[in-house]
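What follows is a set of notes on a single structure, which appears directly below.
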Amino acid sequence: MKKNVRWRFILIGITALLSIIFFLPSTPVFQSMPEWWKKNMPNKGITLGLDLQGGLHLVFEVEGEKAVDVTAERIAASLKEILEKKGLKAEVKKDALGITISPANNEIKKAVEDNYPILTLIDSGGGRFLYRLSDKEINRIKDSSADQALETIRNRIDQFGVSEPTIHRQSTNEIVVQLPGVKEPKRAIEVIGKTALLEFKLLDDENPIAAQLPASVLPGDEEKLIREFGPKIPIEDEILFERVVNKETGRVTKRVYLVKKQTLMTGDLLTEARVNIDTRFNEPYVSISFNPAGAKLFEQITAANIKKRLAIILDGNVYSAPVIQDRISGGNAQITGTFSMDEAKDLAIVLRAGALPAPMKILQNVTVGPSLGRDSIDAGVKAGIIGAILVIAFMIFYYKLSGLIADFALVLNILLLLGAMASLNATLTMPGIAGVILAIGMAVDSNVLMFERMREEIRAGKTPRAAVDSGYDKAFLTIVDSHVTTLITAAVLFQFGTGPIKGFAVTLGLGVAINLFTALIGTKTVFDLINSRREVKKLSI
Amino acid sequence: MIELIRNTKIDFMGKRFYAFGLTGVISILGLIAVIQVARGTANLGIDFAGGTAVQVKFEKNVPLHDIRIALDEGGLSDFDLQDLPTENKILIRVKKGEETLGGFSEKIISILSQRFLNNKPVVDSTTEIGPKVGAKLRKDALLATIVAIIGILIYVGWRFQFRFGVGATIATFHDVLAVLGLFYIMGREINLILVSALLTIAGYSLTDTVVVFDRIRENLKLRQRESVEVVMNSSINEVLSRTIITSTTVLLTSIALFFFGGEVLHDFSLAMIMGVIIGTYSSIFVASPIVLIWGKRPFAKK
């Protein structure tokens, strides 16, 4: 019996010590620890949630439909070529319904099905075939576009320079991004969310319409201009804009371009994008390099279009439209424009990291400033200390020496909870702090249950030692039952909650589990220790 | 020995019909709140309704009126203002789920920083939630509550008897409904933090109920010749002091949280305070009486 008590006492001592070692890095004391300690002992501590340290929580939806659309368009274009090569006269059109091919004959049908088995024929009436991508293929495209988007986002964030970002897929088309401690949330969102589809297209300057267009419009008037000129512009052309900032006045205007719709080249052949400074005007620009295939293509394009203007377009906006002076070999090009240094850097990042396979939409954006987090921690710590003092005082007042033992369990409880959280590297959130504080209030419940039992036993005339033993025995099952039920709610909260709520579930769950340990082993050991020394005549309870 | 309560012989079961009256009123109130939440007519937080919330901190105190005028003139409509005068903080909420996010918060911040040039606002936090996420969070919260209740029903049903499980579940459900109903009547915001408070209350209230049930079960075995009603009454009386002491300690910490825990946890701790009180009531006046009247079959000796 005596030995048993000693072992339990040692067990408690070890867990308490471990908790202190694990929790130490979360306290300011850690800074003044000797070097060897910092190196060899746990040094991570508790991670603070976004709501406590400030930062950005974003949920993006990858619009996979768009990627499906682009694929269908590409297939339509390729089918047109294939049929032409076979000498089959056919019209191939991609619209909202799918890919329409007319006329409908067996030769065409065979050619389509041989080349693109992923197409499903859904209608063949009216002398035309209507094809659509198979459901399996549509799902595959959506899934892989979300995967690719995840990879691209990860690349961009790495290059943007955020320490400890969390990026993961939440469902088939949702991506959660958490950036703790980000100082410029707006810029970060732009870098992540830019589709970064880089295209090279020729301007249609020879078209008489080009001369009729105004040189520039005010921001906001783009739609109006497109509506006005819409019927006049040829189908193979479109109107695009370039954002121009006047250096002296800072005024923003939109330069108007008539651009041929055909894409000559896209950014997927790019290998490098770097920010350089134009020494003449001291302006940043982005220089890009192509891979060998890209370099060859770029050389062909420039050779065939000397003296014409080539528009460099990112996500539908023109960045610059230089005149091609000569054939450009070697695979290097420049994107100039009115950039600030940050804008040029961000542009280089998104170009390097590659284009998103589909545009993304922000579903949820939570930004927490660093000062709110600081205030929250201070308030939480204060509430915790006051709550603990109140409970400790109440227990001593009501249960005397036994209350003090319960308080020992309570302090042990808080210590182990913090240590467990630190060792698991769990994330502490604001509701999590509430969880810790509530755990303080509930921690003494097990002891209250036992103490009340002991009092009953003493009233029934039992000796203090017998009262302690049977009090523990009888309260045991009740304690287990009451803890399990709380664990059920914690588990549910963990399963269904996100972010801060999950943090709350973790502290609540851990708190309950640790409470079982301290209540059943912690206080019992102290009582046994007292009882084993000498025969206690009267229990202070 | 300091004792608050000693050898009480209160006839709790005898008062069950009054209790059922009160419980009925509370439950109906809670159900109305649930319906209003489902219809979207309650004061839903933006995590459920979708929209934008911006919290700004000023150097000096700014009357809400001035902010309202500034935002009105800036072309915003349909916004809610809430202030924390002690900390010079203002919460602005626009409950309009936009398809594309980002517009409102930027607009609010630029309007305010232009308007209050010598009392510069600092952005504490912005939250933008699209309508889709709002609907999803609402669904998840409902699902979480249902799953938790089923889990409790199964566990208590397994550990005790099915009728105890029913009693515990109804009592727990009653507490969740009561706090939700009170929040609804007080016009307080119903949001995700409240849902986690409600589930915590469910856990707490259940703990309370289970302690009472444990004693009832124990006494039913020992005192088989007495009527169930008498055994229940004396069991509740026996654990009454424990019930009150534990409620007191949890109340103490909830109150500390309410007064010192900061703005984020204000509503959470308020809900906890209500929940502890209601949970204590329900474990005495709701759970056991339901077990008592549930079916006339004799209690098996489990």
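The values are calculated or read from the model by the stated rules, or taken from the named source; none is laboratory data. What you see is a predicted model; the values in this text were computed from it and never measured. Every residue, glycine as well, gets a Cβ built from its backbone with ideal geometry; the counts of neighbours run over all protein chains shown. These accessible areas exclude ligands, DNA and RNA; they are computed on the full protein's heavy atoms, side chains included. Shrake-Rupley method; radii C 1.70, N 1.55, O 1.52, S 1.80 Å.
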message: Here's a check for you: in region B:79-106, which residue that is within 13 Å of chain A (Cβ to nearest Cβ) and either open to solvent by 80 Å² or more (accessible area, probe 1.4 Å) or in contact with a Cys (Cβ under 8 Å, 6 or more places away or on another chain) (or both) is modelled with the highest pLDDT?
response: B:Glu106
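Just name the residue that is nearest to the chain's Cα centre (by Cα) out of those in region A:456-469 that are surrounded by 19 or more Cβ atoms within 10 Å (Cβ to Cβ) and either under 20 Å from A:Phe408 (Cα atoms) or more than 9 Å from every other protein chain (Cβ to nearest Cβ) (or both).
Among them, the one singled out is A:Val468.
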- request: Could you run through region A:189-212 and say how many residues are open to solvent by 90 Å² or more (accessible area, probe 1.4 Å) and closer than 21 Å to A:Thr336 by Cβ?
  value: 1
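Would you mention how many residues in region A:213-229 are outside any loop (DSSP other than H, G, I, E, B), surrounded by fewer than 11 Cβ atoms within 10 Å (Cβ to Cβ) and not acidic (Asp, Glu)? First the steps, then the outcome.
The first filter runs over region A:213-229 and keeps only residues outside any loop (DSSP other than H, G, I, E, B), leaving A:216-217, A:222-229.
If we keep only those that are surrounded by fewer than 11 Cβ atoms within 10 Å (Cβ to Cβ) as well, we get A:223, A:227.
The next check asks that each one be not acidic (Asp, Glu); those that pass are A:227.
Residues meeting the conditions: 1.
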- line: Taking first residues from region A:361-383 that are at the interface with chain B (Cβ under 7 Å from one of its Cβ atoms) and second residues anywhere that are surrounded by fewer than 18 Cβ atoms within 10 Å (Cβ to Cβ) and assigned to a helix (DSSP H, G or I), the pairs with Cβ under 7 Å that are 6 or more apart or on different chains are A:Leu363/B:Lys132
- prompt: Consider A:Gly250 against the criteria (1) open to solvent by less than 70 Å² (accessible area, probe 1.4 Å); (2) in contact (Cβ under 8 Å) with a residue 24 or more places away in the chain: it satisfies all of them except one. Which criterion is unmet?
  reply: (2)
field: First in region A:30-56 and on the phi > 0 side of the Ramachandran plot, second anywhere and outside any loop (DSSP other than H, G, I, E, B) and not β-branched (Val, Ile, Thr), Cβ under 6 Å, 6 or more apart
entry: A:Gly45/A:Pro25; A:Gly45/A:Ser26; A:Gly45/A:Ala422; A:Gly54/A:Pro370; A:Gly54/A:Gly373; A:Gly55/A:Leu179; A:Gly55/A:Pro180
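Could we say that B:Ser205 is within 11 Å of chain A (Cβ to nearest Cβ), of a type outside the set (Asp, Glu) and out of contact with any Leu (no Cβ under 9 Å at 6 or more places or on another chain) here? Outline the logic, then answer.
Values: within 11 Å of chain A (Cβ to nearest Cβ): yes; of a type outside the set (Asp, Glu): yes; out of contact with any Leu (no Cβ under 9 Å at 6 or more places or on another chain): yes.
Here the answer is yes, as B:Ser205 does meet what is asked.
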- request: Just need a number here: residues in region A:89-114 that are in contact with a helix residue (DSSP H, G or I) (Cβ under 8 Å, 6 or more places away or on another chain) and crowded, with 16+ Cβ neighbours inside 10 Å.
  value: 9
- prompt: Can you list the strands (runs of 3 or more DSSP E) found entirely within region A:295-393 that contain at least 2 residues being open to solvent by less than 60 Å² (accessible area, probe 1.4 Å) and over 24 Å from A:Asn282 (Cα atoms)?
  reply: A:360-368
- request: Taking A:Lys142 as the residue in question, decide whether it is open to solvent by 60 Å² or more (accessible area, probe 1.4 Å), in contact (Cβ under 8 Å) with a residue 24 or more places away in the chain and within 30 Å of A:Arg187 (Cα to Cα).
  value: yes
Single unsatisfied condition, B:Val230 versus (1) at the interface with chain A (Cβ under 8 Å from one of its Cβ atoms); (2) open to solvent by 40 Å² or more (accessible area, probe 1.4 Å); (3) among the hydrophobic types (A, V, I, L, M, F, W, C); (4) more than 21 Å from the chain's Cα centre (by Cα): (1)
- prompt: Taking region A:409-442 on its own, how many of its residues are surrounded by fewer than 24 Cβ atoms within 10 Å (Cβ to Cβ), within 12 Å of chain B (Cβ to nearest Cβ) and farther than 15 Å from A:Ala513 by Cβ?
  reply: 0
- prompt: Quick check: is even one residue across region B:67-78 within 14 Å of another protein chain (Cβ to nearest Cβ), open to solvent by less than 40 Å² (accessible area, probe 1.4 Å), closer than 22 Å to A:Thr367 by Cα and modelled with pLDDT of 85 or more?
  reply: no
message: The conditions are (1) modelled with pLDDT of 85 or more; (2) open to solvent by 20 Å² or more (accessible area, probe 1.4 Å); (3) more than 9 Å from every other protein chain (Cβ to nearest Cβ), and A:Ala491 fails exactly one of them. Which is it?
response: (3)
